[in-house]
1. Contour minus end-to-end for Ser58 and Lys43, with contour as 0.36 nm per residue of separation and end-to-end as the Cα-Cα distance?
2. Kindly write out, for region 3-9 in residue order, the coupling ³J(HN,Hα) from the Karplus curve 6.51 cos²θ - 1.76 cosθ + 1.60 (θ = phi - 60°), rounded to whole Hz, with x marking Gly and Pro.
3. Quick check for me: using +1 on Lys/Arg Cβ and -1 on Asp/Glu Cβ, what's the dipole size of region 11-71 about its Cα centre, in debye to the nearest 20?
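Since every read-out is calculated from the coordinates, none of them should be taken as a lab result. All of these numbers come straight from a predicted model, not from anything done at the bench. Every residue, glycine as well, gets a Cβ built from its backbone with ideal geometry; the counts of neighbours run over all protein chains shown.
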Amino acid sequence: MPASTGTLLRHARTVRGLSVVDAARAAAISPAYLSRLENNPVKKPSPYVLYPFSWALSVQYQELMRLSGYLMPGVPDPHASETLNAGDADARHGWLRR
């Protein structure tokens, strides 16, 4: 499993035999920005940038979002250590229900 959005984008692009210029054109962004994405200086690209790549490179949008640090509705957060119910949240924040 790729460790970053950039790693996933580069892998998907090279597997499809696309150059940086061709992949960037397919996603309607500049080749320079795609290069920055692939080399990881951009840590949290916009969902508006990620969505075209999901189509252009046949990569799951949810995976791009997850690797970029976004939470997706209906997709469990793999970094969550536990699930809280309302009582746990109240106790954790020092609130008491009476």
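1. Working: separation 15, 0.36 × 15 = 5.40 nm, distance 2.10 nm.
Value of the extension gain: 3.3 nm.
2. The phi angles translate into 8, 8, 4, x, 4, 5, 4 Hz.
3. So the dipole magnitude of region 11-71 works out to roughly 100 debye.
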